[in-house]
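Scroll down for the structure; my scribbles are underneath it.
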Amino acid sequence: MEQRYSRESRCYKTARIFPTDVNNHNTLFGGKLMAYIDDIASIAATKHCRRAVVTASTDSVDFLQPIRPSDAVCLESFVTWTGRTSVEVFVKVIKEDLLSGERIVAATSFLTFVALDQDKRPVPVPIVIPESEEELKLHETASHRAEMRRIRREESKKFADYLTVAHPWD
């Protein structure tokens with residue numbers, strides 16, 4: 001089975017926060033940060049798989065600190081775990097006060113991607129090999145997250161059976 005080091009998927013994105021990026025609380029719109037997260041996570045997943053991937057789930061986005069226009073954000077992502085056809089990607093969001101240089105983790109997120117062949121069918125992915133302390137800890141705790149994803153997906157499918165699809169005006 002093909003293998004790749006977690007570091008091979010690692011990638012970074014840095015962005016400045018502008019007044020048009022903030023909400024009425026003068027903090028970064030959550031949706032804007034979520035778009036950054038999905039973008040960088042998809043790059044990490046693609047680098048690991050070296051084929052097309054699709055987002056299967058955004059397991060969590062935990063907003064830990066507000067991000068303000070005086071900050072820049074640096075997103076770091078890498079593959080932490082692999083299933084048969086899926087990869088788990090971790091994204092760490094660090095805010096940096098551009099005037100003081102203070103850096104702090106502002107958000108974390110886990111996403112799952114599925115690798116696809118030319119016919120858009122799931123295909124096996126390379127096994128990930130963690131090395132750093134951070135990579136090892138995330139890899140060690142991944143099976144629990146994978147089980148929680150499986151349970152949540154089953155519950156979501158059951159719940160969807162109760163939802164209506166009719167137009168609200170019907």
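Would you mind stating whether residue 105 is crowded, with 16+ Cβ neighbours inside 10 Å and either in contact (Cβ under 8 Å) with a residue 24 or more places away in the chain or not acidic (Asp, Glu) (or both)? Spelling it out, it is not the case that residue 105 is crowded, with 16+ Cβ neighbours inside 10 Å and either in contact (Cβ under 8 Å) with a residue 24 or more places away in the chain or not acidic (Asp, Glu) (or both). Just one of the listed residues (42, 70, 57) is closer than 21 Å to residue 144 by Cβ and in contact (Cβ under 8 Å) with a residue 12 or more places away in the chain, and it is 57. Considering region 125-170, and only residues there that are among the small types (Gly, Ala, Ser) and assigned to a helix (DSSP H, G or I), the residue that is surrounded by the most Cβ atoms within 10 Å (Cβ to Cβ) turns out to be 142.
If you check 96, 155 for being in contact with a strand residue (DSSP E or B) (Cβ under 7 Å, 6 or more places away or on another chain) and of a type outside the set (A, V, I, L, M, F, W, C), only one passes: 96.
When residues in region 98-124 are screened for being in a strand (DSSP E or B) and among the small types (Gly, Ala, Ser), 4 of them pass.
Quick note: the coordinates plus some simple rules give every number you see, no bench work behind them. No experiment lies behind these values; they were computed from the predicted model shown. Neighbour counts are summed over all protein chains in view; Cβ atoms, including those assigned to glycine, are modelled from backbone coordinates with ideal geometry.
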